[in-house]
Amino acid sequence: VSDSLEIATAELEAAAKHVGQTKFGMLEEKYLSIKGEMEDAERVKSEKETEMKEKQELYEELKSKEKELTAAREHELKGIEAEIAAKNKPVLPEKPRLKSLFVQKPRMKFPCGDFVKRPALEPPTPTSHAAVNHVPNSYLNSKLAHPAIAAIRAKASIQGQNLDHAQAAGLYSGEWSFVRGRNSVRTYITKLFNDRIAMYDGAMGTMIQNYGKKHKLEEEQYRGEKFKDWTCNVKGNNDMLSITQPEVIKGIYKQYLEAGSDLVGTNTFSSTTIAMADYKMEAHAYELNYEGARLAREACDEITALDPSKPRFVAGAVGPTNRTGSTSPDVEDAACRNVTFDELVETYFEQVVGLVDGGADILIVETIFDTLNAKAALFAISDYLDYSGLDIPVFISGTLVDQSGRTLSGQTGEAFDGMLNSLTGSYTRDDRKSSKSKGGSKPKVGQRCTAQ
């Protein structure tokens, strides 16, 4: 029995193995059939895509050729239309030219046209005897006794100050030497300007600010001992440092001179009664100008002594004040003024007296943004030169406020120069007093008034 069972089992396993192989073969045959169908489908799809791409390229080519033919046809049609229009255009007769109404004549000549221009070897000079003949300034200001000058000194906050700055005639010698009282400033600077570029400096505000960053320069230092009980804050009033901190201002002067400046401007930009009103120091205007010029004089003399062949000069700075004579402070009233021309002349005259008494060699009307203010300053200087009989060169620097090339009052550089050239000095202080007495009362500073 066991043998029969083993035989049956073996037969059964052989039959099962035969059936499995048959089924696997059927599945493999089916797989291969499906795979062949998929490959055929992919091939057909690829062929169709290639065919569609070729058709698309052919379509684009035909479309491009059609555009070219259309453009050529339109161009040809336009040419034909232009030819037809040109043939059909009526020919108009040419208009006769009108004869000129102006008869060409030779240009008329005037005697002034024969003037031969010569190079300017020196700046224009005033018409006074001292200026025309380059008479050296004596620097003996104590001898100037005109009542207007004496009145300024009499009311000054300082008295007994040294007014004379003359030097011994034989102090220095040489071609480029300069001695006050012996040589003419006008002659020397004319020669200097024709020989080389001269350097002028004296910007005090920036130098004082730089000093204040490194050293203590607060309200207490501004007041000093003389103004320790002053009734208002004075920090920012740089001009008063000439009185309270003279070593600081003199040190700044010497820095400019040691750097090569031939001329140094004084620390008097705001030393006028009008500008000092902000600090209630109107009464000290003369003293501020005197001390500012005196310190510059000392610094120039010390540097000149080291090299007499390069003398240094003091340029007394006359600032623009903080008020303008030609523009209104009130946008609703164009005729309103907070200062009059006469007031500007008076304050400038006091400043000039202080600067010259302190030892200024030159006067510079600087940073002018209002032409009328400049005119008032020049009138004040003209008065002083008339009263003193001295020859003091005057420099002028204007300020153009932006790229338009105009001053704050709207004048171009050419107009500003024309105004300066028009000043003859014939309109004196006495003339202004006469016209003022005829024109009525004088308006006060800050009073609303109409233009006169």
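A few comments on the model shown:
- Per-pair calculated FRET efficiency, R0 = 51 Å: Asn88 and Val44 via Cβ, rounded to 0.05: 0.20
- Solvent exposure of the stretch 191-335, expressed per residue, is 45 Å² of accessible area, with all protein chains present and a 1.4 angstrom probe.
- Taking the DSSP bridge list for the stretch 297-423 and keeping only pairs wholly inside it, about 10 percent are antiparallel.
- Neighbour net charge for Val248 - beta-carbon separation under 12 angstrom, K R +1, D E -1: +3
- Stretch gain in nm, segment Phe193-Glu6, where the contour uses 0.36 nm per residue and the Cα spacing is subtracted: 53.3 nm
- Debye-sum result for the stretch 304-352 in log10 I(q)/I(0), which assumes one identical scatterer on each alpha carbon, at q = 0.20, 0.29, 0.31 Å⁻¹: -0.75, -1.07, -1.14
- Taking a ≥ b ≥ c as the square roots of the eigenvalues of the Cα gyration tensor, an a/c ratio of 1.5 or more together with a/b larger than b/c marks the stretch 342-426 as prolate.
- Nearest-10 value in Å² for the accessible area of Val264, using the 1.4 Å probe: 0 Å²
- As a calculated quantity, the FRET efficiency between Gln209 and Glu298 at R0 = 30 Å, using C-beta atoms, amounts to about 0.80.
- The share of accessible area on the chain that comes from carbon and sulfur is 56 percent, using a 1.4 angstrom probe.
- Near-label residues of the stretch 336-370 by backbone N, under 17 Å of a point 7 Å along Cα→Cβ of Asp386: 341-350, 352-353
- Near Arg406, the amide H atoms lying under 5 Å from its own belong to Val401; only residues 5 or more places off or on other chains count, and H is placed 1.01 Å from N.
- For the stretch 236-291, a/c is not less than 1.5, where a ≥ b ≥ c are the root eigenvalues of the C-alpha gyration tensor, and a/b tops b/c. That puts it in the prolate class.
- Helical runs (DSSP H, four residues minimum) scored at -39500 (n - 2.57) apiece and divided by the length of the chain put the mean residue ellipticity at 222 nm at -16500 deg cm²/dmol.
- Beta bridges assigned by DSSP with both partners in the chain are antiparallel in approximately 10 percent of cases.
- Applied to the stretch 36-43, the Karplus parametrisation 6.51 cos²θ - 1.76 cosθ + 1.60 on θ = phi - 60° returns per-residue 3J(HN,Hα) values of x, 5, 5, 5, 5, 5, 4, 5 Hz, with x for Gly and Pro.
- Accessible area in square angstrom per residue, the stretch 353-421, 1.4 angstrom probe: 35 Å²
- Burial order of peptide ranges 162-170, 323-331, 30-38, 396-404 (average beta-carbon count within 10 Å, highest first): 323-331, 162-170, 396-404, 30-38
- Here the translational diffusion coefficient of the stretch 160-219 follows from Stokes-Einstein with Rh set to the Kirkwood radius across Cα pairs; for 10 °C and 1.306 mPa s it amounts to 103 µm²/s.
- The residue among Gln159, Asn141, Ile197 whose Cα reaches farthest toward the positive pole of the charge dipole of the stretch 133-249, with charges on the beta-carbon of Lys, Arg, Asp and Glu, is Asn141.
- In the stretch 266-379, Cα pairs under 8 Å separated by at least six residues give a relative contact order of 34 percent.
- Eligible lysines near Lys30 by straight Cα distance, threshold 25 Å, same-chain separation 8 or greater: Lys17, Lys45
- Prolate/oblate/rounded label for the stretch 107-182 (Cα gyration tensor, a/c 1.5): oblate
- Pairwise label distance in nanometres, Lys226 with Ser64, each label 7 Å out on the Cα-Cβ vector: 9.4 nm
- Using θ = phi - 60° and Karplus 6.51 cos²θ - 1.76 cosθ + 1.60, couplings along the stretch 357-370 (whole Hz; Gly, Pro as x): 4, x, x, 5, 8, 9, 10, 10, 7, 10, 6, 6, 10, 10
- Kirkwood-Stokes translational diffusion coefficient of the chain, alpha-carbon pairs, 25 °C, 0.890 mPa s, µm²/s: 82 µm²/s
The values are calculated or read from the model by the stated rules, or taken from the named source; none is laboratory data. Since the structure is predicted, the reported quantities are computational estimates derived from the model, not experimental observations. Backbone-built Cβ (ideal geometry, glycine too); neighbour counts: all protein chains shown. Side chains included, ligands, DNA and RNA excluded: accessible areas come from the protein's heavy atoms. Shrake-Rupley method; radii C 1.70, N 1.55, O 1.52, S 1.80 Å.
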